[in-house]
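*Asks:* This structure is in structure tokens; I'll ask about it shortly.
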Amino acid sequence: MEGTAPLPPVPARNRRIGELLKELKLAEGRGTGIPKVRRTMQQNGSPPPRFDFDDSRSYFRVTLPVHPEYQAILALQDVAHLKAVGDHQGALQRLRDAHVASPGALGIGLELARELTTKGDIHAAEEVYRQFVSSNPAANPAPLITLIATALLDTNRQSDAVIWLDRLPLLDAVGDAFEAAIQEKRAGRLEKAHRYFQIAGDAVLQDVKALHEFAQVKMKLADKARPRHRAGNRMAYFRLLDEARDMLQRVVQLDAPRARHAWAWYDLGRVLRWSQAPLPDIRHAFEKAIALDPHEERFLKAVKDLSDD
């Protein structure tokens, strides 16, 4: 029997054992145990328990189905093992089977969609998203949306990526906001990228990649607001540059890969130049970038342009 169907009475086969269990507080005789099991399973998000008897009531068996998220964890462990031994086709099939069994499990759907986009099958990844939303409408699909948008941007399908980014719900998770902001930046929608970085709040200050990306968004917005004919843009222009400068100065102080620091110093030099900072400060920033990556032509050109001015 399943769900909330009533259970048939089962006569006690050994009352002494029952009394002992009650004394040990491992059982009670008020008939509340099974409703408690059902209620707890429902609150936990697990499937309902299944109760089995034979016709003569000679045995009692209860099956507590595993929680869908635990099923997802087991499936992902299997996938990792299959990949480790080189069975990539088997890993993909395990993901497909797990997704069919639990289409509303985000971890499974996300890993399957990632595998599919890696193989260039974006259409199949989009179908994973649709099945996930249909099976789990209350869940936040942002990680799937940004994954698909990323794959579309990687294949230069910007207009299609924008359509997917427009499906993003109101985000409250920091990681989702970071990823959405980065993909909006890649799609050229700087105002939306800026808004998502703002949603992430102070957490941006602790993430070197997000902080650098946010600074670059501010640089691009500053370029759009660069004073040309309207004096009103001047204040926004310099405010954005000041904010970008502060962020980049923090990036070069944080622990980060050498390449990240090199590009942060280069961006800092550009911001200082646009801000009309003293020439030695601008040159210092560009030279720091060159010291970290002496073969990058854009760094060398930046210093040469200073000398030509």
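The values are calculated or read from the model by the stated rules, or taken from the named source; none is laboratory data. Computed from a prediction, not measured in an experiment: that's the story for all the values here. A quick note on method: Cβ atoms are made from the backbone with ideal geometry, for glycine too, and the neighbour counts reach across all protein chains shown.
*Asks:* Can you confirm whether Arg30 is modelled with pLDDT under 70, of a type outside the set (A, V, I, L, M, F, W, C) and out of contact with any Lys or Arg (no Cβ under 9 Å at 6 or more places or on another chain)?
*Replies:* When the stated conditions are applied, Arg30 passes them.
*Asks:* Can you find a residue in region 254-275 that is crowded, with 19+ Cβ neighbours inside 10 Å, among the aromatic types (Phe, Trp, Tyr), in contact (Cβ under 8 Å) with a residue 24 or more places away in the chain and closer than 30 Å to Val128 by Cβ?
*Replies:* no
*Asks:* If you go through region 224-234 one residue at a time, how many are part of a helix (DSSP H, G or I) and either more than 30 Å from the chain's Cα centre (by Cα) or surrounded by 22 or more Cβ atoms within 10 Å (Cβ to Cβ) (or both)?
*Replies:* Of the residues in region 224-234, 2 are part of a helix (DSSP H, G or I) and either more than 30 Å from the chain's Cα centre (by Cα) or surrounded by 22 or more Cβ atoms within 10 Å (Cβ to Cβ) (or both).
*Asks:* How many of the residues making up region 89-106 are in a helix (DSSP H, G or I) and under 11 Å from Phe132 (Cβ atoms)?
*Replies:* So the answer is 2.
*Asks:* Further question: Does region 250-257 include one or more residues that are part of a helix (DSSP H, G or I) and more than 24 Å from Ala187 (Cα to Cα)?
*Replies:* Yes, that holds for at least one residue.
*Asks:* Go through region 77-126 and count every residue that is within 21 Å of Ala151 (Cβ to Cβ), of a type in the set (D, E, K, R) and surrounded by 13 or more Cβ atoms within 10 Å (Cβ to Cβ).
*Replies:* 7
Condition check ((1) β-branched (Val, Ile, Thr); (2) at pLDDT 90 or above; (3) surrounded by fewer than 19 Cβ atoms within 10 Å (Cβ to Cβ)) across all residues:
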| position | (1), (2), (3) |
| --- | --- |
| Thr146 | yes, yes, no |
| Asp154 | no, yes, yes |
| Ala161 | no, yes, no |
| Leu171 | no, no, no |
| Ala177 | no, no, no |
| Ile182 | yes, yes, no |
| Lys185 | no, yes, no |
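*Asks:* Can you list residue pairs whose Cβ atoms sit under 8 Å apart, with the first residue in region 174-192 being more than 14 Å from Lys218 (Cβ to Cβ) and the second being part of a loop (DSSP other than H, G, I, E, B) and modelled with pLDDT of 90 or more? Count only pairs 6 or more apart in sequence or on different chains.
*Replies:* As it stands, the answer is Phe178/Asp207, since those pairs meet every condition given.
*Asks:* Given the residues Phe286, Phe299, which is the only one that is surrounded by 20 or more Cβ atoms within 10 Å (Cβ to Cβ) and out of contact with any Gly (no Cβ under 7 Å at 6 or more places or on another chain)?
*Replies:* Numbers: Phe286 fails: out of contact with any Gly (no Cβ under 7 Å at 6 or more places or on another chain).
So the residue among Phe286, Phe299 that is surrounded by 20 or more Cβ atoms within 10 Å (Cβ to Cβ) and out of contact with any Gly (no Cβ under 7 Å at 6 or more places or on another chain) is Phe299.
*Asks:* A follow-up question, please. Kindly indicate whether any position in region 235-245 is touching a residue at least 12 places away in the same chain (Cβ under 8 Å) and either under 25 Å from Asp154 (Cβ atoms) or within 17 Å of the chain's Cα centre (by Cα) (or both).
*Replies:* no
*Asks:* Given the conditions (1) within 23 Å of Trp164 (Cβ to Cβ); (2) out of contact with any Phe, Trp or Tyr (no Cβ under 8 Å at 6 or more places or on another chain), and given that Val100 satisfies all but one, which numbered condition is not satisfied?
*Replies:* (1)
*Asks:* Next question. Here is a check on your reading of the model: is Arg39 in contact with a strand residue (DSSP E or B) (Cβ under 8 Å, 6 or more places away or on another chain) and not assigned by TED's automatic domain parsing to the domain that holds Leu147?
*Replies:* So Arg39 fails the test.
*Asks:* With respect to Ala124, is the statement that it is assigned to a helix (DSSP H, G or I) and modelled with pLDDT of 95 or more true? Outline the logic, then answer.
*Replies:* Working: assigned to a helix (DSSP H, G or I): yes; modelled with pLDDT of 95 or more: yes.
So Ala124 fits the description; yes.
*Asks:* Now a separate question. So for region 218-233 (the condition being at positive phi and not hydrophobic (A, V, I, L, M, F, W, C)), does at least one residue qualify?
*Replies:* Going residue by residue through region 218-233, those that are at positive phi are none.
Within region 218-233, none of the residues are at positive phi and not hydrophobic (A, V, I, L, M, F, W, C).
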